[in-house]
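Visitor: Structure below; questions to follow.
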Amino acid sequence: MLRYSNISAGYGGVPVLRDISFEVAAGEAVAIFGHNGAGKTTLMRCAVGDISEVSGTVSYRDHQIVPGQVYLNVRQGIGFVPQGHNVFRELTVRQNLSISGLNHPEAKIEDIYKMFPILQERGPQLAGSLSGGQQQILALGMALMTKPSILLLDEPSTGLAPVIVRDVMNSLATINRESGTTVVVVEQNIPATLKVVSRAIVLKSGRVVFDGPSRDLENKDELWGLF
Ligand SMILES: Nc1ncnc2c1ncn2[C@@H]1O[C@H](COP(=O)(O)OP(=O)(O)OP(=O)(O)O)[C@@H](O)[C@H]1O
Ligand SMILES: [Mg+2]
(Lines give C-alpha, C1' and ligand atoms only; values in the text may rest on other atoms or scores of the structure.)
(Ligands and ions follow the chains in the order given, each with its own letter.)
Protein backbone atom coordinates (compact mmCIF):
# COMPACT_ATOMS: atom_id res chain seq x y z
CA MET A 1 0.00 0.00 0.00
CA LEU A 2 3.05 2.26 0.40
CA ARG A 3 4.82 1.77 -2.88
CA TYR A 4 8.11 3.24 -4.07
CA SER A 5 8.58 2.77 -7.81
CA ASN A 6 11.99 3.59 -9.29
CA ILE A 7 12.60 6.50 -6.97
CA SER A 8 15.72 8.55 -7.55
CA ALA A 9 16.19 11.79 -5.65
CA GLY A 10 18.87 14.30 -4.80
CA TYR A 11 19.75 17.83 -3.88
CA GLY A 12 21.30 20.46 -6.14
CA GLY A 13 21.98 17.91 -8.86
CA VAL A 14 23.75 15.54 -6.47
CA PRO A 15 22.04 12.13 -6.50
CA VAL A 16 21.16 10.69 -3.09
CA LEU A 17 18.64 7.92 -3.80
CA ARG A 18 19.20 5.68 -6.81
CA ASP A 19 16.33 3.74 -8.37
CA ILE A 20 14.61 2.51 -5.25
CA SER A 21 11.58 0.23 -5.50
CA PHE A 22 9.82 -1.57 -2.67
CA GLU A 23 6.41 -1.93 -1.11
CA VAL A 24 5.23 -1.90 2.45
CA ALA A 25 2.01 -3.83 3.02
CA ALA A 26 -0.78 -2.69 5.33
CA GLY A 27 -0.02 -3.65 8.92
CA GLU A 28 3.69 -4.31 8.39
CA ALA A 29 6.39 -3.00 10.71
CA VAL A 30 9.55 -2.20 8.76
CA ALA A 31 12.89 -0.72 9.77
CA ILE A 32 15.16 1.33 7.53
CA PHE A 33 18.81 1.12 8.51
CA GLY A 34 21.97 2.61 7.04
CA HIS A 35 24.97 4.80 7.70
CA ASN A 36 24.75 8.54 8.24
CA GLY A 37 24.15 10.10 4.86
CA ALA A 38 22.88 6.87 3.27
CA GLY A 39 19.62 8.60 2.30
CA LYS A 40 17.21 7.40 4.99
CA THR A 41 15.71 10.80 5.74
CA THR A 42 15.46 11.56 2.04
CA LEU A 43 13.58 8.29 1.58
CA MET A 44 11.10 9.25 4.32
CA ARG A 45 10.64 12.71 2.84
CA CYS A 46 9.73 11.18 -0.52
CA ALA A 47 6.80 9.39 1.17
CA VAL A 48 5.20 12.72 2.12
CA GLY A 49 6.34 14.66 -0.94
CA ASP A 50 8.79 16.82 0.99
CA ILE A 51 11.38 16.82 -1.78
CA SER A 52 11.48 18.51 -5.14
CA GLU A 53 14.27 16.77 -7.08
CA VAL A 54 12.71 13.38 -7.52
CA SER A 55 11.92 10.97 -10.33
CA GLY A 56 9.81 7.84 -10.13
CA THR A 57 6.67 7.65 -8.02
CA VAL A 58 5.57 6.99 -4.48
CA SER A 59 1.99 6.04 -3.85
CA TYR A 60 0.07 5.40 -0.69
CA ARG A 61 -3.23 3.55 -0.85
CA ASP A 62 -3.33 4.23 -4.59
CA HIS A 63 -2.96 7.97 -4.03
CA GLN A 64 0.06 9.28 -5.86
CA ILE A 65 2.27 11.34 -3.56
CA VAL A 66 2.77 14.73 -5.18
CA PRO A 67 6.17 16.35 -4.59
CA GLY A 68 5.76 19.69 -2.81
CA GLN A 69 2.25 18.98 -1.49
CA VAL A 70 3.08 17.61 1.94
CA TYR A 71 -0.05 18.98 3.55
CA LEU A 72 -2.32 17.23 1.06
CA ASN A 73 -0.29 14.04 0.91
CA VAL A 74 -0.41 13.41 4.66
CA ARG A 75 -4.21 13.63 4.56
CA GLN A 76 -4.17 10.13 3.11
CA GLY A 77 -3.52 8.93 6.65
CA ILE A 78 0.24 9.36 6.88
CA GLY A 79 1.65 10.29 10.27
CA PHE A 80 5.21 11.61 9.93
CA VAL A 81 7.57 12.15 12.84
CA PRO A 82 10.54 13.96 11.28
CA GLN A 83 14.12 13.76 12.49
CA GLY A 84 14.81 16.32 15.21
CA HIS A 85 12.24 17.98 17.36
CA ASN A 86 9.15 19.23 15.72
CA VAL A 87 6.84 20.72 18.30
CA PHE A 88 5.28 24.15 18.78
CA ARG A 89 7.67 25.44 21.41
CA GLU A 90 5.49 28.33 22.56
CA LEU A 91 2.48 26.11 23.24
CA THR A 92 1.91 23.71 26.10
CA VAL A 93 2.17 19.97 25.72
CA ARG A 94 -1.60 19.64 25.86
CA GLN A 95 -2.10 22.40 23.28
CA ASN A 96 0.37 20.71 20.94
CA LEU A 97 -1.62 17.49 21.17
CA SER A 98 -4.98 19.14 20.75
CA ILE A 99 -3.88 21.16 17.70
CA SER A 100 -2.56 18.00 16.07
CA GLY A 101 -5.93 16.32 16.56
CA LEU A 102 -8.02 19.23 15.27
CA ASN A 103 -9.14 17.41 12.13
CA HIS A 104 -9.60 14.15 14.00
CA PRO A 105 -12.28 14.55 16.67
CA GLU A 106 -12.08 10.82 17.39
CA ALA A 107 -8.49 11.23 18.63
CA LYS A 108 -8.34 11.39 22.42
CA ILE A 109 -5.55 13.14 24.29
CA GLU A 110 -6.26 10.79 27.20
CA ASP A 111 -5.26 7.81 25.04
CA ILE A 112 -1.92 9.47 24.34
CA TYR A 113 -1.50 10.25 28.04
CA LYS A 114 -2.14 6.59 28.85
CA MET A 115 0.58 5.54 26.44
CA PHE A 116 3.06 8.23 27.53
CA PRO A 117 2.34 9.28 31.14
CA ILE A 118 5.20 11.79 30.98
CA LEU A 119 3.08 13.88 28.61
CA GLN A 120 0.21 13.97 31.08
CA GLU A 121 2.59 14.92 33.86
CA ARG A 122 3.93 17.77 31.69
CA GLY A 123 0.58 18.68 30.11
CA PRO A 124 0.63 22.38 31.17
CA GLN A 125 4.36 22.85 30.46
CA LEU A 126 5.57 24.79 27.42
CA ALA A 127 6.82 22.29 24.85
CA GLY A 128 9.97 24.36 24.27
CA SER A 129 11.02 23.77 27.86
CA LEU A 130 10.77 19.97 27.64
CA SER A 131 13.96 17.95 27.45
CA GLY A 132 14.99 16.74 23.98
CA GLY A 133 13.75 13.23 24.71
CA GLN A 134 10.43 14.51 26.03
CA GLN A 135 9.98 16.61 22.88
CA GLN A 136 10.62 13.49 20.84
CA ILE A 137 7.84 11.67 22.67
CA LEU A 138 5.53 14.65 22.24
CA ALA A 139 6.22 14.63 18.49
CA LEU A 140 5.21 10.96 18.41
CA GLY A 141 2.07 11.74 20.42
CA MET A 142 1.23 14.54 17.99
CA ALA A 143 1.55 12.18 15.02
CA LEU A 144 -0.75 9.69 16.75
CA MET A 145 -3.35 12.44 17.26
CA THR A 146 -3.79 12.51 13.47
CA LYS A 147 -5.06 8.91 13.64
CA PRO A 148 -2.65 7.70 10.95
CA SER A 149 -3.00 4.40 9.15
CA ILE A 150 0.75 4.51 8.56
CA LEU A 151 3.34 5.99 10.87
CA LEU A 152 6.70 7.08 9.47
CA LEU A 153 9.34 7.81 12.08
CA ASP A 154 12.80 9.20 11.45
CA GLU A 155 15.12 8.18 14.29
CA PRO A 156 12.59 8.41 17.12
CA SER A 157 15.06 7.10 19.71
CA THR A 158 17.76 9.72 19.18
CA GLY A 159 18.67 11.40 22.44
CA LEU A 160 16.50 9.15 24.57
CA ALA A 161 17.72 7.29 27.65
CA PRO A 162 17.78 3.50 27.15
CA VAL A 163 14.76 2.93 29.35
CA ILE A 164 12.74 5.49 27.36
CA VAL A 165 13.93 3.95 24.08
CA ARG A 166 12.44 0.70 25.30
CA ASP A 167 9.16 2.44 26.15
CA VAL A 168 8.98 4.10 22.74
CA MET A 169 9.77 0.85 20.92
CA ASN A 170 7.20 -1.02 23.01
CA SER A 171 4.63 1.66 22.18
CA LEU A 172 5.36 1.30 18.47
CA ALA A 173 4.90 -2.46 18.76
CA THR A 174 1.60 -1.94 20.58
CA ILE A 175 0.36 0.61 18.04
CA ASN A 176 1.27 -1.77 15.21
CA ARG A 177 -0.25 -4.83 16.84
CA GLU A 178 -3.39 -3.42 18.39
CA SER A 179 -4.55 -0.85 15.87
CA GLY A 180 -2.96 -2.44 12.81
CA THR A 181 -1.12 0.81 12.06
CA THR A 182 1.67 0.28 9.54
CA VAL A 183 5.02 1.38 10.96
CA VAL A 184 8.11 2.40 9.01
CA VAL A 185 10.93 3.44 11.30
CA VAL A 186 14.38 4.79 10.46
CA GLU A 187 16.77 3.95 13.28
CA GLN A 188 20.41 3.84 14.30
CA ASN A 189 19.56 1.76 17.35
CA ILE A 190 19.41 -1.54 15.51
CA PRO A 191 19.07 -4.02 18.41
CA ALA A 192 16.17 -2.10 19.99
CA THR A 193 14.42 -1.74 16.62
CA LEU A 194 14.78 -5.39 15.62
CA LYS A 195 12.55 -6.28 18.58
CA VAL A 196 9.70 -4.32 17.03
CA VAL A 197 9.90 -4.90 13.27
CA SER A 198 9.49 -8.03 11.19
CA ARG A 199 11.29 -6.70 8.14
CA ALA A 200 14.35 -4.54 7.57
CA ILE A 201 15.62 -2.54 4.63
CA VAL A 202 19.25 -1.48 4.57
CA LEU A 203 20.33 1.51 2.50
CA LYS A 204 23.89 2.07 1.42
CA SER A 205 24.82 5.13 -0.64
CA GLY A 206 21.23 5.55 -1.72
CA ARG A 207 20.62 1.96 -2.81
CA VAL A 208 18.79 -0.89 -1.12
CA VAL A 209 21.39 -3.53 -0.24
CA PHE A 210 19.17 -5.69 1.96
CA ASP A 211 15.42 -6.15 2.14
CA GLY A 212 14.13 -9.10 4.09
CA PRO A 213 12.95 -10.56 7.37
CA SER A 214 14.61 -8.82 10.30
CA ARG A 215 15.53 -12.16 11.83
CA ASP A 216 17.81 -12.80 8.83
CA LEU A 217 19.63 -9.61 9.69
CA GLU A 218 19.82 -10.68 13.31
CA ASN A 219 21.18 -14.12 12.55
CA LYS A 220 23.59 -13.47 9.70
CA ASP A 221 26.73 -11.88 11.04
CA GLU A 222 28.14 -11.15 7.59
CA LEU A 223 25.17 -8.90 6.82
CA TRP A 224 26.40 -6.44 9.37
CA GLY A 225 29.23 -5.80 6.93
CA LEU A 226 26.61 -4.16 4.73
CA PHE A 227 26.62 -1.15 6.97
N1 LIG B 1 18.59 19.76 2.08
C2 LIG B 1 19.70 19.20 1.60
N3 LIG B 1 20.52 19.86 0.74
C4 LIG B 1 21.63 19.30 0.26
N5 LIG B 1 22.04 18.05 0.56
C6 LIG B 1 21.28 17.35 1.41
C7 LIG B 1 20.08 17.87 1.98
N8 LIG B 1 19.54 16.94 2.78
C9 LIG B 1 20.37 15.88 2.72
N10 LIG B 1 21.41 16.12 1.90
C11 LIG B 1 22.49 15.18 1.60
O12 LIG B 1 21.92 13.97 1.13
C13 LIG B 1 22.60 12.83 1.65
C14 LIG B 1 21.59 11.93 2.36
O15 LIG B 1 21.06 12.63 3.46
P16 LIG B 1 19.94 12.03 4.39
O17 LIG B 1 19.59 13.07 5.36
O18 LIG B 1 18.87 11.46 3.56
O19 LIG B 1 20.76 10.82 5.08
P20 LIG B 1 20.42 9.94 6.34
O21 LIG B 1 20.62 8.52 5.93
O22 LIG B 1 19.09 10.31 6.88
O23 LIG B 1 21.56 10.36 7.37
P24 LIG B 1 21.52 10.46 8.98
O25 LIG B 1 21.68 9.07 9.50
O26 LIG B 1 22.73 11.29 9.29
O27 LIG B 1 20.24 11.12 9.39
C28 LIG B 1 23.69 13.39 2.54
O29 LIG B 1 24.88 13.36 1.83
C30 LIG B 1 23.25 14.81 2.83
O31 LIG B 1 24.36 15.65 3.01
MG1 LIG C 1 18.48 11.15 8.63
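Visitor: Among Q95, A192, G56, whose Cα lies farthest out toward the positive end of the dipole of the chain, if unit charges sit on the beta carbon of Lys, Arg (+1) and Asp, Glu (-1)?
Guide: Value computed over the given set: Q95.
Visitor: Counting only Cα, what are the radius of gyration and maximum Cα-Cα distance Dmax of segment 75-196, in Å?
Guide: 13.1, 36
Visitor: Can you give the local net charge around L126? Use residues other than it whose beta-carbon is closer than 13 angstrom to its beta-carbon, Lys and Arg +1, Asp and Glu -1.
Guide: +2
Visitor: Pop out the ³J(HN,Hα) list for segment 195-209 in order, Karplus 6.51 cos²θ - 1.76 cosθ + 1.60 with θ = phi - 60°, rounded to Hz; leave Gly and Pro as x.
Guide: 6, 9, 9, 9, 9, 10, 10, 10, 9, 9, 6, x, 10, 7, 10
Visitor: Which distance in Å, rounded to a whole number, links the C-alpha centroids of segment 3-17 and segment 80-118?
Guide: Going from one Cα centre to the other spans 32 Å.
Visitor: Please list log₁₀ I(q)/I(0) at q = 0.10, 0.11 Å⁻¹ for the chain, using the Debye equation with identical point scatterers on the alpha-carbon positions.
Guide: -0.43, -0.53
Visitor: Work out the charge dipole of the chain with +1 on the Cβ of Lys and Arg and -1 on the Cβ of Asp and Glu about the Cα centre, then indicate which of S149, N6, V163 is farthest towards its positive end.
Guide: Among S149, N6, V163, the one farthest towards the positive end of the dipole of the chain is S149.
Visitor: Turning to a different aspect of this structure: Using a simple spin-label model with points 7 Å from Cα along the Cα→Cβ vector, what separation in nm is obtained for E218 and F88?
Guide: Taking the simple label geometry, E218 and F88 are separated by 4.1 nm.
Visitor: Further question: Can you give me the relative contact order of the chain as a percent, contacts being Cα pairs under 8 Å and 6 or more apart?
Guide: 26 percent
Visitor: Something else about it: Which whole-Hz ³J(HN,Hα) couplings does segment 2-11 yield from phi under the Karplus relation 6.51 cos²θ - 1.76 cosθ + 1.60, θ = phi - 60°, glycine and proline marked x?
Guide: Values per residue, Gly and Pro as x: 9, 10, 9, 10, 6, 7, 10, 8, x, 9 Hz.
Visitor: I want the local charge near S198. Using Cβ-Cβ distances under 14 Å, sum +1 for each Lys or Arg and -1 for each Asp or Glu among the other residues.
Guide: So the surrounding residues net to 0.
Visitor: So, one more: Per residue, how many Å² of accessible area does the chain show with a 1.4 Å probe?
Guide: Value for the chain: 47 Å² per residue.
Visitor: If you place +1 on the Cβ of every Lys and Arg and -1 on the Cβ of every Asp and Glu, how big does the dipole about the Cα centre of segment 15-126 come out, in debye to the nearest 20?
Guide: Charge dipole of segment 15-126: 240 debye, to the nearest 20.
Visitor: 222 nm [θ] for the chain, helices only, -39500 (n - 2.57) per DSSP H run of 4+, per residue, to 500?
Guide: -9000 deg cm²/dmol
Visitor: Same structure, new question: Could you look at the chain and say what percent of its accessible area is carbon and sulfur, using a 1.4 Å probe and all protein chains?
Guide: Ligands and nucleic acids excluded, carbon and sulfur give 52 percent.
Visitor: Pick out, in residue order, every one of the GluC sites (Glu not before Pro) in segment 57-145 that is DSSP loop and has at most 14 other C-beta atoms within 10 Å; say none if there are none.
Guide: Those satisfying the criteria are E90, E106.
Visitor: Search the structure for amide H atoms under 5 Å from the amide H of G34, placed 1.01 Å from N in the peptide plane, and list their residues when 5 or more places away or on another chain.
Guide: L203
The values are calculated or read from the model by the stated rules, or taken from the named source; none is laboratory data. Every value quoted in this text rests on a predicted model; they were computed, and no experiment measured them. Please note: Cβ atoms are built from the backbone with ideal geometry, for glycine as well, and neighbour counts cover all protein chains shown. Accessible surface areas use protein heavy atoms only, side chains included; no ligands, DNA or RNA. Shrake-Rupley method; radii C 1.70, N 1.55, O 1.52, S 1.80 Å.
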